[in-house]
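Have a look at the structure below, then the notes.
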Amino acid sequence: MTPSDYHEALWRELPDGLTPAAFEPRLSFLLESAAPGLRVLDVGCGEGAFAARLLEAGSEVVGVDVAEEPLRRARLRHPVLDLRLLESESSWGLEDSSFDLVWAGEVIEHVADIAGWLSELRRVLRSGGVLALSTPRLGRSELLGASLSERLFARQFDPRSDHLRFFAPATLRALLEDFGFEQVQIRSRGRPGTARLLLCRAVRSRY
């Protein structure tokens, strides 16, 4: 099975029209960086829920995904959106420095070629442009809970999950700084013992 087939199969198992997890807090965080007239790339746009709200906010939006099934659904639900299929995680076919803001909501934890993916992300973002992303948090409380409870361990590290990577604030910050991002700001959302998010904003360095 190719990576493309894998992602298509994952999407075919999901019901149509699901509201993205933690949609409202993630949308609120995203809109802090969005503004009318900005050119925004929604990486891993899925069925287009975030891209549609960005468009309503006055941004010029391009939504991309590595699977055709979510794009098919998004085109039916939001026919005015500019939606494109990526051939691979690390070769996007988009122009250099062509976006003011890149949004990657619950995407980075699924990426196999993280170096290629971040290199492409940085390439298409203009100097001084903003990266906004969200990803599940793996911090002290999550690790402690997993170490003390087989049930929590199985939930956190389910071998059937499509999560390939796990991030704590320090590891996410170090990764982004290694790939030329600065002014990295990370906040957590949610209480210990519940599913928690990292919400991250970073600026592409000006070189």
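Observations
- The set of residues from region 118-135 being under 12 Å from Leu176 (Cβ atoms) and assigned to a helix (DSSP H, G or I) comprises Leu118, Leu121, Arg122.
- The listed residues are Glu47, Glu60, Glu32, Glu24, and the only one of them that is in contact with a His (Cβ under 9 Å, 6 or more places away or on another chain) and of a type outside the set (A, V, I, L, M, F, W, C) turns out to be Glu47.
- Residue satisfying all of: in region 1-53; among the aromatic types (Phe, Trp, Tyr) and over 17 Å from Thr135 (Cα atoms); surrounded by the most Cβ atoms within 10 Å (Cβ to Cβ) among these: Trp11
- Any hit, region 22-41, residues being within 25 Å of Asp113 (Cβ to Cβ) and either of a type in the set (Asp, Glu) or at pLDDT below 95 (or both): no
- Among the residues making up region 21-36, those that are closer than 20 Å to Val203 by Cβ, touching a helix residue (DSSP H, G or I) at 6+ places or on another chain (Cβ under 8 Å) and among the hydrophobic types (A, V, I, L, M, F, W, C) are Leu30, Leu31, Ala34.
- Scanning region 82-100 for residues that are small (Gly, Ala, Ser) and in contact with an Asp or Glu (Cβ under 6 Å, 6 or more places away or on another chain) yields a single hit, Ser90.
- Per-region count, region 56-78, residues surrounded by 21 or more Cβ atoms within 10 Å (Cβ to Cβ) and touching a helix residue (DSSP H, G or I) at 6+ places or on another chain (Cβ under 7 Å): 6
Rundown of residues vs (1) acidic (Asp, Glu); (2) over 30 Å from Glu13 (Cα atoms); (3) at pLDDT below 95; (4) crowded, with 16+ Cβ neighbours inside 10 Å, yes/no style:
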| residue | (1), (2), (3), (4) |
| --- | --- |
| Thr135 | no, no, no, yes |
| Ser141 | no, yes, yes, no |
| Ser161 | no, no, yes, no |
| Ala174 | no, yes, no, no |
| Arg196 | no, no, yes, yes |
| Tyr207 | no, yes, yes, no |
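- Selected residue [in contact (Cβ under 8 Å) with a residue 40 or more places away in the chain and under 17 Å from the mean Cα position of the chain (by Cα)] from Leu71, Leu41: Leu41
The values are calculated or read from the model by the stated rules, or taken from the named source; none is laboratory data. None of these values were measured; they are calculated from a predicted model. Neighbour counts run over all protein chains shown; Cβ positions are idealised from the backbone, glycine included.
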